[in-house]
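To start, the structure itself, in structure tokens.
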Amino acid sequence: MNKTILKSAFNILLVVGLLLIPRYVESPYALHMMILLFMSVAQGQSWNILGGYAGQHSVGHAAYFGVGAYTTMMLMHSKGVVPWVGVWAGMAAVVVVALIIGSICFRLRGPYFVLASIAVAEIMRLSAINLTPLTNGAEGILATEIPAFKIGATVVTDFVTKVPFYYIGLFLVLLTLAVTYWVQHSKLGYFFQAIREDQDAAHSLGINIALYKNIGLVISAVLTSLAGSFYGIYVGFVDPPTVLGLDVSVQIMLICIIGGMGTIWGPVLGSLILVPLSEALRSNMVTDLLVKIGMVNADSRIGIFLKENLSHAHVLLYGILVVLVILFMPDGLMGFVKKLAARRNREAV
Amino acid sequence: MAILEIKNVSKFFGGLAANSDVSFDVHEGMIMGLIGPNGAGKTTLFNCITGYYPPSKGEVIFNGRKLNGLDPDKVCMLGMVRTWQKVRPLAKLSVVDNVMVGALARTSSLKVAREMAMEQIKVVRMEHRTNFLAGGLPIGERKKLEVARALATQPKILLLDEVMGGLNPAESEEIIQLILDIKQRGLTQMVIEHDMKAIMRISDRIVVLTSGEKLTEGSPQEVVSNPDVISAYLGEPHA
Ligand SMILES: Nc1ncnc2c1ncn2[C@@H]1O[C@H](COP(=O)(O)OP(=O)(O)OP(=O)(O)O)[C@@H](O)[C@H]1O
Ligand SMILES: [Mg+2]
């Protein structure tokens with residue numbers, strides 16, 4: 001009992017702390033990093049519902065991320081539809097995409113869903129490149145300004161600073177966490193996990209396998225689409241590779257593999273590792289650091305090589321990270337933490 | 001009254017007839033034993049009956065309703081559930097969560113499901129394992145977990161596929177008592193078992209399968225004194 005009270009107290013403090021950050025932190029860069037972190041947690045959490053709990057590993061979540069982002073941006077750009085309306089259209093669009101994939105693949109046994117998920121994401125990416133009248137092709141869509149969010153005549157926010165985005169991002173995190181919590185504590189979560197652990201056993205115990213896989217996919221896709229719409233309006237730009245590329249799908253999956261699949265805190269941990277890591281690589285922080293501590297001379301051939309190439313090496317680094325995690329922590333960081341805690345408890349007794 | 005009617009069921013795997021033209025009735029409240037040498041087609045028959053795959057020919061009628069082509073989940077909802085010879089625990093879930101999955105076939109409330117699950121965990125005497133991960137249980141308890149989970153779906157008929165396989169005599173005896181307890185509660189059962197002594201003790205009737213065909217059917221006494229059964233078993237020794 002005491003433990004649950006402590007836990008809720010900790011969670012409340014955490015949320016209050018996060019709510020207060022923009023009041024005290026003015027650095028746009030710091031807020032930007034937090035927003036990226038929020039987006040990553042929301043993506044991971046969305047994937048986790050289907051991949052982590054129901055065991056259906058999608059390698060094509062970029063489809064839902066990208067369709068959400070594109071739908072919102074296209075509607076805003078060509079029809080002047082405000083994003084908080086466009087978001088709903090994005091969600092509706094991904095439900096259609098998800099149900100098409102799900103109703104075909106989830107009837108079949110075997111790895112069809114994994115393969116189809118990659119294929120569908122690629123189809124979406126190619127469509128975005130080729131349906132130029134709608135999507136503006138490979139150039140992508142640039143939103144020069146986002147209409148102010150008004151309730152009646154009062155302007156709630158005009159999206160000039162990063163602060164409104166910070167709060168929307170935080171809201172997305174809390175939403176995806178709440179949905180995951182709800183899934184975990186309902187019949188759905190039990191059925192998802194039964195399907196993950198043993199599909200035939202689940203089927204024989206009265207679970208309609210195809211139906212529940214589809215439910216998991218739709219929940220996951222809708223939440224991912226929300227994250228995509230958010231990305232679109234935050235960055236103000238979408239193009240095929242950045243929202244529909246295979247590495248988007250892989251990154252979403254990695255958040256969960258590294259953090260721990262099928263746990264509430266897994267995607268949070270995974271994001272806490274991946275977001276700073278990819279940022280450090282992107283901004284050449286690692287090379288700068290090596291230069292600063294004198295390990296590498298900036299003008300030497302190695303220094304130049306690192307400066308030019310390390311920022312593109314994130315895929316390689318992710319690969320190494322995944323291998324390490326799978327070898328040493330097959331249940332991700334969260335599984336590792338749980339194991340440590342269990343060991344400590346046993347020793348304490 | 002026959003709760004389950006199996007009519008001329010055949011199942012082919014390519015050229016192999018794993019079941020051919022098998023017919024018999026299971027009456028309400030009884031224990032039907034199903035025996036036969038390894039590879040006789042016993043598990044295949046369970047698979048055909050419970051919708052794991054449809055029979056190639058013939059009909060399965062449960063409570064007057066034809067089941068052919070119905071998926072296992074629908075069959076379970078109608079009140080017929082099976083356990084697996086090769087046990088299938090939901091390894092990363094606790095014992096109580098495993099059994100709750102079964103109970104959730106009948107309720108959407110986790111609270112009610114938990115109560116239903118605890119009841120069945122008591123029936124198989126595994127209260128001390130309630131919060132253990134199913135993947136870490138020894139084989140004897142995995143077998144009992146299969147039974148508890150199946151019972152939690154509130155079936156009208158329970159199909160047990162070698163729940164004593166691989167158990168020591170004390171554990172087998174416990175399962176025998178469990179099966180008799182379940183019968184006391186009025187549940188119909190069909191039991192596959194290799195242990196002849198056990199199957200003789202618990203069965204009201206026995207069907208013998210060899211090479212996919214029904215060799216004979218009768219009371220335990222009739223079956224053991226049948227020379228064909230004796231030669232089928234002596235001709236093909238089994239584990
Ligand atoms: N899915 C399948 N595909 C092909 N052949 C199969 C399949 N399932 C079973 N068989 C074959 O059908 C025959 C009957 O198998 P089954 O498992 O029903 O026997 P059993 O009576 O349960 O045997 P045991 O006592 O060893 O459990 C065997 O020859 C087996 O190899
Ligand atoms: Mg068998």
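Miscellaneous remarks
- Furthest towards positive pole of dipole, B:220, B:184, B:93, structure part chain B, Cβ charges: B:93
- A Förster distance of 30 Å, applied to the separation of the beta-carbon atoms of residue A:293 and residue A:339, puts the FRET efficiency at 0.30.
- Averaging the sequence gap over all C-alpha pairs within less than 8 Å and six or more residues apart, then dividing by the number of residues, gives chain B a relative contact order of 26 percent.
- Unit charges on C-beta of K, R, D, E only; dipole of the protein assembly as shown, Debye: 980 debye
- Among A:108, A:243, A:146 the positive-end extreme of the charge dipole of chain A (Cβ point charges): A:108
- Whole-number percent relative contact order across the stretch A:35-263, with pairs defined as alpha carbons under 8 Å at least 6 apart: 45 percent
- R0 of 41 Å, Cβ-Cβ distance residue B:119-residue A:109: FRET efficiency to nearest 0.05: 0.75
- Approximating the spin labels as points 7 Å out from Cα along Cα→Cβ, the residue A:304-to-residue A:29 distance works out to 2.7 nm.
- Semi-axis lengths, largest first, of the ellipsoid equivalent to the protein assembly as shown are 56, 26, 23 Å, with √(5λ) applied to each eigenvalue of the Cα gyration tensor.
- Highest mobility in the GNM of chain B, judged by mean-square fluctuation with C-alpha springs under 10 Å and restricted to B:45, B:16, B:187, is found for B:16.
- Note that chain B, at 37 °C in a medium of 0.692 mPa s, gets a Stokes-Einstein diffusion coefficient of 181 µm²/s from its Kirkwood radius over C-alpha pairs.
- Extension gain, residue A:167-residue A:20: 0.36 nm per intervening residue step, less the Cα-Cα distance, totals 51.9 nm.
- In terms of its C-alpha gyration tensor, the stretch A:33-100 has an oblate overall shape, because the principal axis ratio a/c (a ≥ b ≥ c, square roots of the eigenvalues) is not below 1.5 and a/b does not outweigh b/c.
- With a simple spin-label model that places each label point 7 Å from the Cα along the Cα-to-Cβ direction, the separation between residue A:119 and residue B:224 comes to 5.8 nm.
- Protein accessible area in the stretch B:168-238, 1.4 Å probe - carbon and sulfur %: 52 percent
- Counting every C-alpha pair in chain A, the share spaced more than 29 angstrom apart comes to 45%.
- Top of A:107, A:23, A:282 by mean-square fluctuation, Gaussian network on chain A, Cα under 10 Å: A:23
- Excluding ligands, DNA and RNA and using a 1.4 Å probe, chains B and A jointly bury around 1900 Å² of accessible surface, summed across both partners.
- Backbone HN-Hα couplings from phi across the stretch A:220-236 [Karplus 6.51/-1.76/1.60, Hz, Gly and Pro as x]: 4, 5, 4, 5, 5, 5, 4, 4, x, 4, 4, 4, x, 6, 5, 6, x
- Per-residue HN-Hα couplings for the stretch A:73-80 [Karplus 6.51, -1.76, 1.60; θ = phi - 60°; Hz; x = Gly/Pro]: 5, 5, 5, 5, 5, 9, 10, x
- Once both labels are positioned 7 Å from their Cα atoms along Cα-to-Cβ, the gap between residue A:142 and residue B:2 label points is 7.8 nm.
- Estimated translational diffusion coefficient (Stokes-Einstein, Kirkwood radius over Cα pairs, 10 °C, 1.306 mPa s) of the stretch B:85-154: 139 µm² per second.
- Report summary: the helix-based calculation at 222 nm, which adds -39500 (n - 2.57) for every DSSP H run with n ≥ 4 and divides by the residues of chain A, gives -24500 deg cm²/dmol.
- Per residue accessible area in Å² of the stretch A:35-263, where ligands, DNA and RNA are left out and the probe is 1.4 Å: 38 Å²
- Remark: the stretch A:35-263 carries a charge dipole of roughly 360 debye about the Cα centre, counting +1 on each Lys and Arg Cβ and -1 on each Asp and Glu Cβ.
The values are calculated or read from the model by the stated rules, or taken from the named source; none is laboratory data. Keep in mind it's a predicted model, so treat the numbers as computed, not measured. Counting neighbours? That spans all protein chains shown, and the Cβs are built from the backbone with ideal geometry, glycine included. Ligands, DNA and RNA are stripped out before the accessible areas are found, and what is left, the full protein with its side chains, is counted by its heavy atoms. Shrake-Rupley method; radii C 1.70, N 1.55, O 1.52, S 1.80 Å.
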